[in-house]
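Below is one structure, written out as structure tokens, with a few remarks after it.
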Amino acid sequence: MAGVDDRIRVEVVFAAAPHQLDSTALTLPMGATVQDALRASGLALRHDAGLIDSLVPGIWGKARPLDAPLRDGDRLELYRGLLVDPKEARRQRYKRDGVKRAR
């Protein structure tokens, strides 16, 4: 029988829409991977599975592969690709609004 120390707790977080966060707390066996957590979270059942598959997983703000092992307390996040390069967006704001609003 697995003891308490043989399990890890992680949180899977996905921004389904602006200001709408889907967060799932999980308890997984030690040695679980990013992919294991994604399957256990049920995100693909609550959201478009194709969208979920196209997202980049990361742990605490750093992109990680699906086979990356998780540690107790990890926050697994799913990132969308950028729609606009941040530097280009700032240039466009500067052109449109001037210096005061470009930042």
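The values are calculated or read from the model by the stated rules, or taken from the named source; none is laboratory data. Since the structure is predicted, the reported quantities are computational estimates derived from the model, not experimental observations. FYI the Cβ positions are ideal-geometry reconstructions off the backbone, even for glycines, and counts take in every protein chain you see.
Considering the stretch 43-63 alone, what residues qualify as being more than 16 Å from Ser23 (Cβ to Cβ) and either among the aliphatic types (A, V, I, L, M) or modelled with pLDDT of 80 or more (or both)? Break it down into steps so the answer makes sense when it comes.
Here is the first cut: in the stretch 43-63, the ones more than 16 Å from Ser23 (Cβ to Cβ) are 48-51, 53-54, 56, 62-63.
Passing the criteria: Ala49, Leu51, Val56, Lys62, Ala63.
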Contact list please: Cβ distance under 7 Å, first residue in the stretch 16-43 and on the phi > 0 side of the Ramachandran plot, second residue of a type in the set (Asp, Glu) and surrounded by fewer than 16 Cβ atoms within 10 Å (Cβ to Cβ), pairs at least six apart or on different chains.
none
Out of the residues in the stretch 41-62 meeting the condition of being of a type in the set (A, V, I, L, M) and outside any strand (DSSP E or B), tell me which one is surrounded by the most Cβ atoms within 10 Å (Cβ to Cβ).
Leu43
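Kindly indicate whether any position in the stretch 75-87 is among the hydroxyl-bearing types (Ser, Thr, Tyr) and closer than 24 Å to Arg7 by Cα.
no
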With the requirement that a residue be in a helix (DSSP H, G or I) and closer than 20 Å to Gly61 by Cβ, what does the stretch 1-35 give you?
Val34, Gln35
Criterion (of a type outside the set (Lys, Arg), assigned to a strand (DSSP E or B) and at pLDDT 80 or above) met by exactly one of Leu66, Leu76, Leu38
Leu76
